[in-house]
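Working notes, beginning with the structure itself.
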Amino acid sequence: MLVTMTHEIDGDAPTGSPVSLEDLLTRTAAGDRQAFAELYDRMSARVFGLVKRLLLDHAQSEEVSQEIFLEIWQSASRYAPEKGGAVGWILTMTHRRAVDRVRASQASRDRDVRIGVRDTEPDVDVVSEHVEISIENERVKQAMQRLTALQRQAITLAYYGGYSHSEVAQLLSVPIGTVKTRLRDGMIRLRDEMGVTA
């Protein structure tokens, strides 16, 4: 279990050149437990921070973070360096897993509310608004799928992850100008895909 792993690194880089996260993922995919432990040491704070920002609840955030590292251990072989950096891959997985938990919690709350008010006639306007929001969310989701992987990654980190442009540049190991270009082009394409006029 991840929580019982012993770590030889206390946040300081090892002597010599630090191993890249991409190399650690590759070694993890080959079953290297030491590489996975180092990957965990270097990424656990970022993963937990992003999850906590989305879930708010500390205990749930710890649980989801553990699930994410288990998924990284099991799916490291699917990481493709040519499609982006290791940090982006891990944080995209983190965001997806945290959003899944938010949706599951919301679905559970919605189910409880429906049971509690099943004898009450819903207000037509509330139903209409809920339908419109659901349709709009689906349109955004479909439009996001039409972006390039790089644009989608930058938008996910900046708008869903809450990172600043400079933080996104650091996470993706690209110049800030590149991040701004990806965000601008991605947002223009999203607007066009959704038929929004300027």
Exactly one condition in (1) at pLDDT 75 or above; (2) of a type in the set (S, T, N, Q); (3) outside the structural domain of Thr181 (by TED's automatic domain parsing) is false for Gln151; which is it?
(3)
Limited to the stretch 36-88, what total is found for residues that are farther than 22 Å from Gln153 by Cβ, surrounded by 19 or more Cβ atoms within 10 Å (Cβ to Cβ) and of a type in the set (A, V, I, L, M, F, W, C)?
1
Quick check on the stretch 58-86: of everything there that is outside any helix (DSSP H, G or I) and not hydrophobic (A, V, I, L, M, F, W, C), which residue is farthest from Tyr40 (Cα to Cα)?
Gly84
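Does the stretch 155-175 hold any residues that are part of a helix (DSSP H, G or I), touching a residue at least 40 places away in the same chain (Cβ under 8 Å) and within 11 Å of the chain's Cα centre (by Cα), and which are they? Walk me through it before giving the result.
Here is the first cut: in the stretch 155-175, the residues part of a helix (DSSP H, G or I) are 155-160, 165-172.
Restricting the remaining residues to those that are touching a residue at least 40 places away in the same chain (Cβ under 8 Å) gives 156-157, 160, 171-172.
Listed by number, the residues that qualify are Thr156, Leu157, Tyr160.
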Residue under question is Arg184, and the condition is that it be at pLDDT 75 or above, in a helix (DSSP H, G or I) and either within 15 Å of the chain's Cα centre (by Cα) or surrounded by 18 or more Cβ atoms within 10 Å (Cβ to Cβ) (or both); does it hold?
no
Scanning the stretch 49-77 for residues that are out of contact with any helix residue (DSSP H, G or I) (no Cβ under 8 Å at 6 or more places or on another chain) and either among the acidic types (Asp, Glu) or in contact (Cβ under 8 Å) with a residue 24 or more places away in the chain (or both), which turns out farthest from Val19 (Cα to Cα)?
Asp57
Condition (residue is modelled with pLDDT of 80 or more and either in the same structural domain as Gln60 (by TED's automatic domain parsing) or basic (Lys, Arg) (or both)) applied to the stretch 155-166: is it met by at least one residue?
no
Under 26 Å from Lys52 (Cβ atoms), among the β-branched types (Val, Ile, Thr), at pLDDT below 75 and not assigned by TED's automatic domain parsing to the domain that holds Leu172, is that true of Val126?
no
Give the residue, chosen from Val47, Val64, Val19, Val51, that is more than 17 Å from the chain's Cα centre (by Cα) and of a type in the set (A, V, I, L, M, F, W, C).
Val19
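Here's the yes/no breakdown for (1) at pLDDT 90 or above; (2) assigned by TED's automatic domain parsing to the domain that holds His95; (3) part of a loop (DSSP other than H, G, I, E, B):
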| position | (1), (2), (3) |
| --- | --- |
| Ser17 | no, yes, yes |
| Leu24 | yes, yes, no |
| Gly31 | yes, yes, yes |
| Val47 | yes, yes, no |
| Lys52 | yes, yes, no |
Within the stretch 138-148, how many residues are exposed (fewer than 12 other Cβ atoms within 10 Å of the Cβ) and either in the same structural domain as Trp89 (by TED's automatic domain parsing) or over 11 Å from Met194 (Cα atoms) (or both)?
1
Where Thr178 falls short, out of the listed (1) assigned to a helix (DSSP H, G or I); (2) hydroxyl-bearing (Ser, Thr, Tyr); (3) closer than 26 Å to Leu56 by Cα
(3)
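The values are calculated or read from the model by the stated rules, or taken from the named source; none is laboratory data. Quick caveat: nothing in here was measured; it's all calculated off a predicted structure. We place every Cβ from the backbone using ideal geometry, glycine too, and count neighbours over all the protein chains shown.
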